[in-house]
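Colleague: If you scroll down you'll find the structure; I have some questions about it.
The values are calculated or read from the model by the stated rules, or taken from the named source; none is laboratory data. Keep in mind the model is a prediction, meaning the values are calculated, not measured. For neighbour counting, all protein chains shown are included, and Cβ atoms are generated from backbone atoms with ideal geometry for every residue, glycine included.
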Amino acid sequence: MKTPNTGSGATGGGNIKGMIKMTKTAIVILNWNGIDFLKKFLGNVVKCSILPDTKIFVVDNYSDDNSVEWVETNYAGVELIRLDKNYGFAGGYKIALQKIEARYFILLNSDIEVTTDWIKPLITYMDQNPEVAACQPKILSYYNRDSFEYAGAAGGFIDRYGYPFCRGRIMDFIERDEGQYDHYSDIFWASGACMIVRSEAYFKCSGLDEDFFAHMEEIDLCWRFKNAGYRVSFVPDSVVYHVGGGTLPYNSQKKLYLNFRNSLFLLYKNLPAKKFHSTLFTRKILDCISAIVFLFTGNFMSFNAVIKAHIAYYRELPVLKKKRETVQKANIGHTQKLILNKSIAYEFYIKGHKTFDSLTSFSDNQ
């Protein structure tokens, strides 16, 4: 499989040599010091994913908790890809997927409990819809099993300023699953916690951007899918349960830094020309307001995280400019009506719209 020029810097490498034999579906679990999650959930993935032409891979981001040794000892049928350092979510997957030949990649977090029939609906949907580049299952909370999980829920969206939200989760308000989203539908982004990706589309659109390291890299990828004319979808017949916050807790300062920095990366790379300057300017003002609020409420660590995020963004501008040029060349003018043409923060905090169904004004943002 040919690896395209991504224009996003060197990817480094692991210690796997050559391509792994072709399979239809590759379930790829990225691990970093997650031996407890592997012990808890890997056996269930193996048991519930017995299909022809399906292989399971564990990609290890240079763990030091004996994860690799445990997998080797207990699951001889699971293939291991060992990396020579921690490349993060995006970089780890980027290197590994270049080594795996498959029609579909399923990116699966190590802290997810799959269900008996989780995989068939995803593969069937992809088989029947060749214009779909990626889709995700319904993602419910492992601990509150009748509620959606923060990272993905019933499919992801963004507002006009790049703030992400989901059907089933807006800001920190999480809905109970009462079947309200049990229909196949297009979404703006599929969750990296569990998503199936068409490899042809993945490589055509240059794959995950390792410079994101972690957080929002799947939104960036899905935006590029849409720019190239593909669809991204939600498959309600597949259900998984996600622990969440396994690598970086939701209140982590590093997570806050990555989210602020990567939001700017996301917008810079993918915004259409007519909205580029105005949207970025407004987003920077909003980030400034957030930083001031953190400062005056005594949350100095969060204030520093926002400042560091913006410094990192400006430092990366030369690289981002090259990436934007590549993205815009691939843009076929596909409409993006799944971007909320409003501020999700205003809708949530001022107007009191706490559920997806209460939102309106998804419009063409090209």
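Colleague: Here is a check on your reading of the model: is residue 263 buried (at least 17 other Cβ atoms within 10 Å of the Cβ), assigned to a helix (DSSP H, G or I) and within 21 Å of the chain's Cα centre (by Cα)?
Modeller: Yes; evaluated as a whole, the condition is true for this residue.
Colleague: Also, I was wondering about something else. Checking residue 281 against (1) aromatic (Phe, Trp, Tyr); (2) surrounded by fewer than 18 Cβ atoms within 10 Å (Cβ to Cβ); (3) under 18 Å from the mean Cα position of the chain (by Cα), which test does it fail?
Modeller: (3)
Colleague: Also: When residue 330 is evaluated against the numbered criteria (1) small (Gly, Ala, Ser); (2) over 23 Å from residue 207 (Cα atoms); (3) out of contact with any strand residue (DSSP E or B) (no Cβ under 9 Å at 6 or more places or on another chain); (4) surrounded by fewer than 18 Cβ atoms within 10 Å (Cβ to Cβ), which criterion, by number, is the only one it fails?
Modeller: (2)
Colleague: Would you check which residues across segment 317-361 are within 22 Å of the chain's Cα centre (by Cα), without any contact (Cβ under 8 Å) to a residue 60 or more places away in the chain and outside any helix (DSSP H, G or I) and list them?
Modeller: 335, 337
Colleague: Among the residues of segment 328-350, are any touching an Asp or Glu at 6+ places or on another chain (Cβ under 7 Å), more than 20 Å from residue 157 (Cβ to Cβ) and of a type in the set (A, V, I, L, M)?
Modeller: No: zero hits.
Colleague: Do you know which residues across segment 73-94 are modelled with pLDDT of 95 or more, buried (at least 20 other Cβ atoms within 10 Å of the Cβ) and aliphatic (A, V, I, L, M)?
Modeller: Scanning segment 73-94 gives 81, 83.
Colleague: Restricting attention to segment 303-319, does a residue exist that is among the acidic types (Asp, Glu) and over 19 Å from residue 189 (Cβ atoms)?
Modeller: Taking segment 303-319 first, the residues among the acidic types (Asp, Glu) are 316.
Right, trim to over 19 Å from residue 189 (Cβ atoms) and you get 316.
Within segment 303-319 (the criterion being among the acidic types (Asp, Glu) and over 19 Å from residue 189 (Cβ atoms)), the answer is yes, since at least one residue qualifies.
Colleague: Determine, yes or no, whether residue 116 is in contact (Cβ under 8 Å) with a residue 24 or more places away in the chain, over 28 Å from residue 213 (Cα atoms) and β-branched (Val, Ile, Thr).
Modeller: Working: in contact (Cβ under 8 Å) with a residue 24 or more places away in the chain: yes; over 28 Å from residue 213 (Cα atoms): yes; β-branched (Val, Ile, Thr): yes.
Criteria met by residue 116.
Colleague: Please enumerate the residues belonging to segment 104-149 that are surrounded by fewer than 24 Cβ atoms within 10 Å (Cβ to Cβ), assigned to a loop (DSSP other than H, G, I, E, B) and in contact with a Cys (Cβ under 7 Å, 6 or more places away or on another chain).
Modeller: Passing the criteria: 115, 116.
Colleague: Now for a separate question. Which ones in segment 188-201 are within 18 Å of residue 109 (Cβ to Cβ) and among the aromatic types (Phe, Trp, Tyr)? Spell out how you get there, then give the answer.
Modeller: Filtering segment 188-201 down to residues within 18 Å of residue 109 (Cβ to Cβ) leaves 189-197.
189 - this is the single residue of segment 188-201 that is within 18 Å of residue 109 (Cβ to Cβ) and among the aromatic types (Phe, Trp, Tyr).
Colleague: Something else now. Going by the conditions given, is residue 207 out of contact with any Ser or Thr (no Cβ under 7 Å at 6 or more places or on another chain) and assigned to a loop (DSSP other than H, G, I, E, B)? Show your work before the answer.
Modeller: On the way: out of contact with any Ser or Thr (no Cβ under 7 Å at 6 or more places or on another chain): no; assigned to a loop (DSSP other than H, G, I, E, B): yes.
Taking the combined requirement at face value, the residue does not satisfy it.
Colleague: Related question: Does segment 231-245 hold any residues that are farther than 13 Å from residue 338 by Cα and in contact with a helix residue (DSSP H, G or I) (Cβ under 6 Å, 6 or more places away or on another chain), and which are they?
Modeller: Within segment 231-245, 235, 237, 238 qualify.
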